[in-house]
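The values are calculated or read from the model by the stated rules, or taken from the named source; none is laboratory data. On a predicted model such as this, the values are computed, not experimentally measured, just so you know. Don't worry about glycine lacking a Cβ; one is built from the backbone with ideal geometry, like all the others, and counts go over all protein chains shown. Areas reflect the complete protein model, heavy atoms only, side chains present, ligands, DNA and RNA absent. Shrake-Rupley method; radii C 1.70, N 1.55, O 1.52, S 1.80 Å.
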Amino acid sequence: MKRWFKHGKWPRWMIRLHYYTIISFILLMLTGVALFAPSVHAALISYLPVIYYIHIVLGIIFGVTLLTPLLAPLPAGKLIRRLDWLFPLVLGAIIVITGLLIWQVALFPTTWRSRAFHWHGWMSYALSVWLLLHAAYKAVGYRPANDGVNARMDPARRMFLKWLGTGIAGAAVLTVVDPVGLLKRWMTTGNSGAGTGSPTDDFAAYYTVTNGYPSMDLETYRLTVDGLVARPTTLTWSELMGLSPFQEQADFHCVTGWSVSNVQWRGVHLKSLVDLVQPSPHASYVHFYSFDGAYTESLSLSEALDPTVLLAYQLNGQPLRPQQGFPLRLVVPKMYGYKSIKWVNRVEFSDKPLVGYWEARGYPDEAYVGRGM
Ligand SMILES: Nc1nc2c(c(=O)[nH]1)N[C@H]1C(S)=C(S)[C@@H](COP(=O)(O)O)O[C@H]1N2
Ligand SMILES: [Mo]
């Protein structure tokens, strides 16, 4: 194979690239954790949309730098430990491919996206562990014996392609075939709650912008429906249950990357509330308030009356869990999860829009899945 560099010497740009890749990986981990971990998330709220873009741009560059050996063969005579190739290449390819699947939410089925989200995380942790070991070895000057999986090898392009291919194929198998999910389902067949929908536990994170999850007693729960309406009303829980139920199955997407497919919701459609309180013709917005005391959301009246939007009290046949908004939450399947405000206790009809919690911190008002963020 043609070699571009002097025998046995690393070109300076390649060394720089190596450090760049390491730094970008560290930044990717930090921004990734900021996006995913609810506690960090909460502390960095106003920067999340920016962090999201930084993560994607860094990820794309990271993916491209992984491919460098395709363009520039490494210098002859430089041997690389097998593991130093294998880990970043195979894991890196899986991380980049699953990242693309998560990012391009509208292009792929939700089931792929939710599996991709999990593997994206696990493989990133695995690669970080390897990176730490690698760095620690370098720092103390420890060199594993030159044999077995640690044998040093000539980093030929063919080997590179083989491992890159393994990573890409691995990402495809993990997200499309889902062998781990198959195994889990196989081990738990016969257990109740299997059914067709995804189990509730597929929700990757329970978000809250306040300290913990507010609790509520159905005896004292009240839903206030007021604003520009002919008949403002306060409903008890049993009055709410008296309204005609509405059911649907929908996918759920959070902007931070996780999705759940085929969620079964049951609750009341906004039309039922409209019939009850009779909004004035000037009411063109609906505001939603949470008894967590912090979260608010707003939809235009026509968005709120979309046939898929509901105030839900059941998820997959069970009452909502406290973390999921018990006893009542909004569900807007066509939009990202932040529109689906939890612990709802007030619905207000208005002639003005209201800047919602996340919207005030930079998220777009219109949150259709696959558009914008
Ligand atoms: N009251 C309240 N509602 C909320 C949130 C919140 O922090 N507080 N997080 C939103 C976001 S960003 C998402 S993705 C979904 C998450 O729903 P889950 O916690 O049931 O998974 O709830 C939305 N509704
Ligand atoms: Mo979210």
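For the chain, what is the accessible area per residue in Å² when the probe is 1.4 Å?
That works out to 50 Å² per residue.
Helix 12-36 versus the longest principal axis of the chain: what angle, 0 to 90°, nearest 10, using Cα atoms?
That helix lies at roughly 20 degrees to the long axis.
Could you tell me whether the range 278-373 comes out rounded, prolate or oblate from its Cα gyration tensor? Rule is a ≥ b ≥ c as square roots of the eigenvalues, rounded for a/c under 1.5, then prolate if a/b exceeds b/c, otherwise oblate.
Working: a/c = 1.43, a/b = 1.23, b/c = 1.16.
Note, shape of the range 278-373 comes out rounded.
Which percent of the Cα-Cα distances in the range 201-361 go past 29 Å?
Value for the range 201-361: 10 percent of Cα pairs lie more than 29 Å apart.
Å³ per residue of the Cα convex hull, for the range 41-161? Intermediate values should be presented prior to the final figure.
Numbers: hull volume 18.2 nm³, N = 121.
Hull volume normalised by residue count: 150 Å³.
At a probe radius of 1.4 Å, what is the per-residue accessible area of residue 241, in Å² to the nearest 10?
Residue 241 has an accessible surface of roughly 70 Å² with all protein chains in place.
If you line up the long axis of helix 157-172 against the longest principal axis of the chain, both from Cα atoms, how many degrees apart are they, to the nearest 10?
Between the helix axis and the principal axis of the chain, the angle is about 20 degrees.
Give the angle, between 0 and 90 degrees and rounded to the nearest 10, that separates the Cα long axis of helix 110-140 from the longest principal axis of the Cα atoms of the chain.
Taking the Cα atoms of the chain, the angle to 110-140 is about 40 degrees.
Of the heavy-atom accessible surface of the range 1-117 (probe 1.4 angstrom), what whole percent is carbon and sulfur? Don't skip to the end; give the middle numbers.
Details: 4500 of 6050 Å².
Exposed carbon and sulfur together represent 74 percent of the surface.
When the accessible area of the range 201-361 is computed with all protein chains present and a 1.4 Å probe, what percentage of it is carbon and sulfur? The partial results should precede the final answer.
Numbers: 3240 of 6410 Å².
Carbon and sulfur: 51 percent of the exposed surface of the range 201-361.
Please report how many Lys pairs in the chain have alpha carbons closer than 23 angstrom, counting only residues at least 8 apart along the chain or sitting on separate chains.
15
Which number comes out as Rg/Rh for the chain once both Rg and the Kirkwood Rh are worked out on C-alpha atoms? Before the final figure, lay out each step's value.
Values: Rg = 25.3 Å, Rh = 23.4 Å.
Radius of gyration over Kirkwood radius for the chain works out to 1.08.
For the range 215-285 and the range 109-151, what is the centre-to-centre distance using only Cα atoms, to the nearest Å?
Distance between centres, Cα-based: 46 Å.
Could you tally the net charge around residue 147, taking each other residue with its Cβ under 14 Å from the Cβ of residue 147, Lys/Arg +1 and Asp/Glu -1?
Numbers: positive: 81, 82, 143, 152; negative: none.
So the surrounding residues net to +4.
Specify the longest stretch of the chain that does not include any exposed loop site, a site being one of the GluC sites (Glu not before Pro) with a non-H, G, I, E, B DSSP assignment and at most 16 other Cβ atoms within 10 Å. It would help to have the intermediate numbers written out before the result.
Working: sites that count: 219, 366.
In short, 1-218.
For 321, 222, give the ranking by accessible area with the largest first, probe 1.4 Å.
Values: 321 80, 222 100 Å².
Ranked list, largest accessible area first: 222, 321.
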